[in-house]
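Colleague: The structure that follows is given in the form of structure tokens.
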Amino acid sequence: MTSTALPRTLPRAGVVDTVRVLGTVVLPTIARGVIIRRPPVVGLLERADADRRAVQLLQRLRRRYGSGPLRLRVPGRRMVVLLDHGDVRRVLAETPDPFTPATREKRAALGHFQPHGVLISQGEDREDRRRFNESVLDTPSPVHRSADGMVGGVRAEVDSLLGQVRRDGALTWAPYSAMWDRMVRRVVLGEGALADSALSDELRTLRATANWAFLHPRRRGVRASFLDRVEGHVRRADPGSLAGSVAAAPSTERTDPVQQVPQWLFAFDAAAWASFRALALLHSHPEQLARARAEIAGRDLDRPQDLPFLRATMLESLRLWPTTPAVLRESTERTVWEGGPMPEHTSILTYAPLFHRDDEHLAYAHTFDPEVWLDPARAADWPLIPFSDGPAVCPGRNLVLHVSSSILAMLLDATELGLDQAERLEPLPGTLDPFTLRFPVAQRLPVTQRSEG
Ligand code: HEM
């Protein structure tokens, strides 16, 4: 640097561009509900093709300001948005220090019902709670150690849903989501929690409050009642459930096992939306549907099965419509970037759809291409981050992919479905509202054919 060179600073968006980012990227993400979805808003956002507009805006800003990180002019806040894939990799790899996931927004939202949850913990608390979560969730295993016990419960719930589908002549969101709630109570807390629908209701109330983060007072009574219920179920430790793995997991006085459980209960929701969208993808892509059927042909779905193609289909659904579109971090110290320094306490926004749907870099951006996930080199090549990445990557990734691919398999095995309004997926929209998808029953395979494929 010569003596006359100015110190480098990160590019800064003008006021108008900042307002555009807030209105087009941040506001829709908050409005759809960060902790629990607001279905009417999701429908509006599909009609406005909101996520596609947001991606196009960020691509324009990348052309105008360079690869960033791009500072936004938000009064009273230091905030940047990441535009470069290398920067996304760096921030996720250098988590939790100097980029903590326990951002102000997340602490405000999740503090409503799990203030000691790992996602909003820091320092030694985080390390301790992460270790506990990874142990219970059996993070590295493609098939959870308790999967034998879980599959039977999942099968019972899917069978009861199928009865309803046959009576209704179609699969729709309301019964699917009711099945999902019961299935989640079984998998997380065991058969003894099956009748405890009040637990799911209380969690819904707390999540609706958490959507308002700082703006809503705490519901201490509901939280106490909810956590008491969770504790009772955890103490029972039903085999074949996550609660059954709690006692054997490493825990200390820092862990607070009961407060790790709400995340397991509510994070499963994302897989309900993603699996319903995956069904829509399959039923609008005959070639991939045939491949999925070929994968399950002859399998005994009453035993845990590894189903790579259906897992890849789930991952594609999550790439096309990520359920955590905004991956947030906050810098804990000053960091240095190619463009200049970034001060501590800067909020860092990674908008996953920008990278998942970046048609300036990805030939497959707007197509349904499960192969992307079956070729590790291709998937590792670019930040496809539906489960985040790095040391804070979702520790439930394998578990949830196994459970949801098994559910897809059971549904495909037992029914022939169609898809109403299939034109909604042509071309694949930026936003897809799962709550209004409807799958009429086309044909049911005779029971005798089911296990013979
Ligand atoms: C399709 C379903 C799911 C998706 C897409 C998903 C995605 C994610 C993402 C993106 C994060 C990181 C959030 C952030 O950095 O702000 C995360 C964290 C986490 N997820 Fe999941 N998740 C899913 C299901 C689950 C399930 C079923 C469980 C447990 C049973 C689970 C447990 C966790 C935990 C404990 C964390 C916090 C990890 C930490 O902070 O170290 N997730 N998940």
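The values are calculated or read from the model by the stated rules, or taken from the named source; none is laboratory data. Everything numeric in this text was worked out from a predicted model, so none of it was measured. Cβ sites come from the backbone with ideal geometry, for glycine too, and all protein chains shown count toward neighbours. The protein model used for the area step is the full one, side chains on, heavy atoms only, and it has no ligands, DNA or RNA in it. Shrake-Rupley method; radii C 1.70, N 1.55, O 1.52, S 1.80 Å.
Colleague: Give the residue, chosen from R78, R53, R73, that is open to solvent by 20 Å² or more (accessible area, probe 1.4 Å) and closer than 30 Å to Q263 by Cα.
Modeller: R78
Colleague: Still on this structure, please answer the following. How many of the residues making up the stretch 197-211 are within 25 Å of R155 (Cα to Cα) and surrounded by 17 or more Cβ atoms within 10 Å (Cβ to Cβ)?
Modeller: 3
Colleague: Follow-up. Just one of L57, L83 is modelled with pLDDT of 95 or more, part of a helix (DSSP H, G or I) and hydrophobic (A, V, I, L, M, F, W, C); which is it?
Modeller: L57
Colleague: So, in the stretch 46-99, exactly how many residues are free of Cβ contacts under 8 Å to residues at least 40 places away in the same chain and hydrophobic (A, V, I, L, M, F, W, C)?
Modeller: Qualifying residue count for the region: 1.
Colleague: Report yes if L408 is open to solvent by less than 20 Å² (accessible area, probe 1.4 Å) and out of contact with any Gly (no Cβ under 6 Å at 6 or more places or on another chain), otherwise no.
Modeller: Considered against the rule, which asks whether it is open to solvent by less than 20 Å² (accessible area, probe 1.4 Å) and out of contact with any Gly (no Cβ under 6 Å at 6 or more places or on another chain), L408 comes out as yes.
Colleague: Give the residues of the stretch 322-339 that are in contact with a helix residue (DSSP H, G or I) (Cβ under 8 Å, 6 or more places away or on another chain), within 16 Å of the ligand (Cβ to nearest atom) and open to solvent by less than 30 Å² (accessible area, probe 1.4 Å), sorted by residue number.
Modeller: P322, T323, P325, A326, V327, R329, E330
Colleague: Restricting attention to the stretch 295-318, which residues are surrounded by fewer than 19 Cβ atoms within 10 Å (Cβ to Cβ) and aliphatic (A, V, I, L, M)?
Modeller: Listed by number, the list holds a single entry, A297.
Colleague: Kindly check whether there is at least one residue in the stretch 271-294 that is in contact (Cβ under 8 Å) with a residue 24 or more places away in the chain, of a type outside the set (D, E, K, R), over 19 Å from V372 (Cα atoms) and surrounded by fewer than 18 Cβ atoms within 10 Å (Cβ to Cβ).
Modeller: Looking for residues that are in contact (Cβ under 8 Å) with a residue 24 or more places away in the chain, of a type outside the set (D, E, K, R), over 19 Å from V372 (Cα atoms) and surrounded by fewer than 18 Cβ atoms within 10 Å (Cβ to Cβ), one finds none in the stretch 271-294, hence no.
Colleague: For the stretch 353-403, which positions are out of contact with any Pro (no Cβ under 8 Å at 6 or more places or on another chain), away from the ligand (no atom under 13 Å from the Cβ) and among the aliphatic types (A, V, I, L, M)?
Modeller: L354, L362, A363, A365, V372, A377, A379, A380
Colleague: Separate question: Within the stretch 56-65, take every residue that is open to solvent by 30 Å² or more (accessible area, probe 1.4 Å) and of a type outside the set (K, R) and give me the one that is nearest to E423 (Cα to Cα).
Modeller: Q56
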